[in-house]
1. Only one of Leu442, Leu476, Leu434 is within 16 Å of the ligand (Cβ to nearest atom) and modelled with pLDDT of 95 or more; which?
2. Go through (1) within 23 Å of the chain's Cα centre (by Cα); (2) small (Gly, Ala, Ser); (3) at pLDDT below 95 one by one and return the number of the condition Gly422 breaks.
3. Could you check, for the range 178-189, whether at least one of its residues is within 16 Å of the ligand (Cβ to nearest atom), hydrophobic (A, V, I, L, M, F, W, C), in contact (Cβ under 8 Å) with a residue 24 or more places away in the chain and at positive phi?
4. Here are some residues: Gly160, Gly170. Which one is surrounded by fewer than 24 Cβ atoms within 10 Å (Cβ to Cβ), touching a Leu at 6+ places or on another chain (Cβ under 8 Å) and in a loop (DSSP other than H, G, I, E, B)?
5. Which of (1) touching a strand residue (DSSP E or B) at 6+ places or on another chain (Cβ under 8 Å); (2) among the charged types (D, E, K, R); (3) under 11 Å from Val268 (Cα atoms) is the odd one out, the single condition Arg166 does not satisfy?
6. Could you check how many residues of the range 420-432 are within 16 Å of Glu333 (Cα to Cα) and touching a helix residue (DSSP H, G or I) at 6+ places or on another chain (Cβ under 7 Å)?
7. If I ask for residues that are among the aromatic types (Phe, Trp, Tyr) and surrounded by 20 or more Cβ atoms within 10 Å (Cβ to Cβ), which ones from the range 392-417 would you list?
8. Which one is farthest from Cys379 (Cα to Cα), of the residues in the range 138-157 that are outside any strand (DSSP E or B) and away from the ligand (no atom under 15 Å from the Cβ)?
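The values are calculated or read from the model by the stated rules, or taken from the named source; none is laboratory data. Remember, predicted model here, so these are calculated numbers, not experimental data. All Cβ positions, even for glycine, are placed from backbone atoms using ideal geometry, and neighbour counts span all protein chains on display.
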Amino acid sequence: MEKFQESMYKLIVETSTKLPKDVRRAIARAKAKENAGTRAAMALTTIACNIKMADENVSPICQDTGLPTFKIKVPVGVNQIKMKEAIRNAIAQATKDGKLRPNSVDSLTGENSGDNLGEGVPVIKFEQWEKDYIDVRLILKGGGCENKNIQYSLPCELEGLGRAGRDLDGIRKCILHAVYQAQGQGCSAGFIGVGIGGDRSSGYDLAKEQLFRSVDDVNPNEELRQLEEYIMENANKLGIGTMGFGGETTLLGCKIGVMHRIPASFFVSVAYNCWAFRRLGVKVDPATGDIIEWLYQEGEDVDFAKELEKAEEKASVNIGETREFVLEAPITEEQIRQLKVGDVVRINGMIYTGRDAIHKHLMDHDSPVDLNGQIIYHCGPVMLKDENGKWHVKAAGPTTSIREEPYQGEIMKKFGIRAVIGKGGMGAKTLAALKEHGGVYLNAIGGAAQYYADCIKSVEGVDFLEFGIPEAMWHLRVENFTAVVTMDSHGNSLHEDVEKSSLEKLAQFKEPVFK
Ligand code: SF4
């Protein structure tokens, strides 16, 4: 079992730090399609740069290392209890080594276990089979995209698309709607797994199962093959684009599975996965515990270091004709009022992380630091403490901002905060507060955890460590931290605009296609 534990550790580290070949090819294809100088092209360049850095540093691609889910097939007679124990040990070790963020919290108290273990975490699903080796597959699916999963109960009425009936055409409408409703919040461009049939829980299981298929495989079911192709061709016409900035590529892969259902229910379940599609697998020898073969290795690999060199792109982004500003806190209202949607800002100096626990806390308490004129970063970083007690940032991309919508506007006004950085945009309440108070929302590139960690030059303090590492308030000194203004102090929101135009485009798919 010691060897098996070692093999599982290798699988976890490789999954967290290196995207599989099929995913890399899909991202490279998307990058080639975007026109230089657009926001989407800039986002994809940052993503490419981030993948390269994660490869080189053997560090997490994204700071949200997700809920580890293992799907394991074992020959009859293999001890599953011992395997489970070895996997749990490997998870705890990978967390200690900064390859996974401590991501397991008590659902009632919010307490972080610190080692990624807990009731039901990690998810480990066993199945027996008659082959003579063990097949272990692992997916690390982050919260931003998990929260964009959606389930439809047919028949139903869909915004922009009208009635979706209990047939292939109704399923088609549900899938297009699923892509539309995700917008950029699940860190598009994304991959979707679709499960048709089952009940509410087995339908979602089937949808997630599809994410274990290779991006380039061909569905053996002819009807589903056609549907997959149709979705890939048409979902990209919605124009949501990378990070919801608008653009040519919204979807990188679509895989559909089907199972029986009971006559009264007809579910279509959609599992959305961000571009940081971390899933890998290995074949293991049950006698020795050694890895015999790595899975998902077919086809050409994309070396993003070479890709970036080839295009003569630098680690810094190409922003074409876009206006560019440098910000350093404390920021004045006048500086903020100059900024408009579409501007690129480069931040130097201090920023403070704050996510769910801190926003809730600050509603009724004082802040431990003076936040007047400051910048809040929606981020739960991966941090490691060295033997001298000094903290180091291992991964630090933005988290989904919409979760803070109930608090954000009020907190900005209460403490005089001038800018928030996050991803996916925020709602009407925050937009109104930005206008009234003089604030901006800055969209960083979701998942670009290595890219942003590199911009952080020092960790100057921390508060609320008792909330757990991801939820604490980290005081970070940054240099050249780049983000795009997507909500300004004049009532403009790029997110609102893209949502509106994609809804209009969705309506072109109202008429039946599959009889
Ligand atoms: S890339 Fe985005 S959605 Fe995916 S895990 Fe990272 S933050 Fe979450």
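1. The conditions single out Leu442.
2. (3)
3. yes
4. Answer to the check: Gly160.
5. Against the list (1) touching a strand residue (DSSP E or B) at 6+ places or on another chain (Cβ under 8 Å); (2) among the charged types (D, E, K, R); (3) under 11 Å from Val268 (Cα atoms), Arg166 comes up short only on (1).
6. Going through the range 420-432 one residue at a time, the tally reaches 2.
7. Quick first cut of the range 392-417, residues among the aromatic types (Phe, Trp, Tyr) only: 407, 415.
The one that is among the aromatic types (Phe, Trp, Tyr) and surrounded by 20 or more Cβ atoms within 10 Å (Cβ to Cβ): Tyr407.
8. In the first step, residues of the range 138-157 are kept if they are outside any strand (DSSP E or B); the result is 142-149, 154-155.
Then keep just the ones that are away from the ligand (no atom under 15 Å from the Cβ); that gives 154-155.
Values: Leu154: 37, Pro155: 39 Å.
Filtering the range 138-157 for residues that are outside any strand (DSSP E or B) and away from the ligand (no atom under 15 Å from the Cβ), the one farthest from Cys379 (Cα to Cα) comes out as Pro155.
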